[in-house]
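The values are calculated or read from the model by the stated rules, or taken from the named source; none is laboratory data. Please read all numbers here as calculations on a predicted model, not as lab measurements. Methodologically, a virtual Cβ is constructed for each residue, glycine included, from the backbone with ideal geometry; neighbour enumeration extends over all protein chains shown. Accessible surface is based on the protein model in full, side chains and every heavy atom, while ligands, DNA and RNA are left aside. Shrake-Rupley method; radii C 1.70, N 1.55, O 1.52, S 1.80 Å.
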Amino acid sequence: MAYHAPEDLLAAFHAQVRLTDVDAAPGAVVERDGPVHRHYPPDPAQQGAMIECPEGLGGDPDHWIGRQVDFFRERGQRVEWKTYSTDEPPELSERLVAAGFVPEGLEALVLGSCADLVHDVVLPEGVRIREIEADDDVDWRRVATLMDGVWGEDTNWVNEHLREEKRARPDLMRAFLVELGDPEDLEAPPTGGVLSYNLLRFSEGTDFCGFWGGTTHPDWRRRGLYRAGVVHRARLALDAGYPLVRVDCSPDSRPILVALGLHAVATTTPFILEP
């Protein structure tokens, strides 16, 4: 079935991805507590625990919110409650804050057809896109250097989490560098020649793939690197049989994706509860 209207894309994403918990990482505990969907690493010391409520929270939302607070604090595990602007109740954000969750940055949920993203792109001279594997220690260190340099904090746990997911299910996760020069020349500027980093994640059993990452070195923004990574991944997704794409994107990426043919259908905000 072809989906073109934004409301149809959102309905398909809701039914195929959110309601089925296919976003859970390999090896995660996946369970439901009443209307709450949650998945988390079995080891409480590991990060990556997630909560959603795609079916709403019913007539007593504070009850279900409180149960999650008690559950994850008893485990001593950090958890993210991923909210969407379409979630019920409408005042979910306020209730989460009252329960001790802290909001992070607002992102747009962007959906569309991979076929609409297939455009001609030309990378700057000397720049190429290259796939990396889970056992490429040097390349993943270069990724960590780029991420820490751009975001100003230690994001290595995120990179390692994605790397482990790729190691567990290489058929569902692919990772790419956009780099300058010979990858053996670690003195090439900046970050050992890594200019951008992105991932392609397939949601098994659905029509959807996901575009993750996209972090680009500030000196190389507005030179088509992010766009080239989007087009490259769209072609690969179509070849793999995934006609639709979802992206949780920043304000910087949203206009690029919309200009390429995708649709901003909602917003999403993570709320963090520390143990």
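Taking a probe of 1.4 Å, how large is the accessible area per residue of segment 10-157, in Å²? Before the final figure, lay out the partial values.
On the way: 7190 Å² over 148 residues.
In whole numbers, segment 10-157 has 49 Å² accessible per residue.
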Label zone at Arg75 (point 7 Å along Cα-to-Cβ), backbone N below 19 Å, segment 245-271: 270-271
Inter-label distance for Thr86 and Glu125, nm, one decimal - labels placed 7 Å from Cα along Cα-to-Cβ: 4.7 nm
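For segment 1-141, give the percent of accessible area contributed by carbon and sulfur heavy atoms, probe 1.4 Å, rounded to a whole number. Kindly include the intermediate steps, with their values, before the conclusion.
On the way: 3500 of 7000 Å².
Carbon and sulfur: 50 percent of the exposed surface of segment 1-141.
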What share of all Cα pairs of the chain, in percent, falls into each consecutive 5 Å distance bin? 1, 5, 12, 16, 18, 17, 14, 9, 5, 2, 1, 0
From the backbone phi of segment 10-24, what are the Karplus-calculated ³J(HN,Hα) couplings (6.51 cos²θ - 1.76 cosθ + 1.60, θ = phi - 60°) in whole Hz, Gly and Pro given as x? 5, 5, 5, 4, 4, 6, 7, 10, 5, 6, 9, 6, 6, 6, 4
If each of Glu94 and Glu160 carries a label point 7 Å out from its Cα toward its Cβ, how far apart are those two points in nm? 4.0 nm
Report the net charge of residues surrounding Leu146, where surrounding means a beta-carbon distance below 12 angstrom and charges are Lys +1, Arg +1, Asp -1, Glu -1. -2
Label-point separation, Asp239 to Arg221 (7 Å along Cα→Cβ), nm: 3.1 nm
Zone reached by a paramagnetic label modelled 7 Å from Ser250 Cα along Cα→Cβ, restricted to segment 119-158 with backbone N below 12 Å, covers 147-153
So, with +1 on the Cβ of K and R and -1 on the Cβ of D and E, and no other charges, what is the size of the charge dipole of the chain about its Cα centre, to the nearest 20 debye? 420 debye
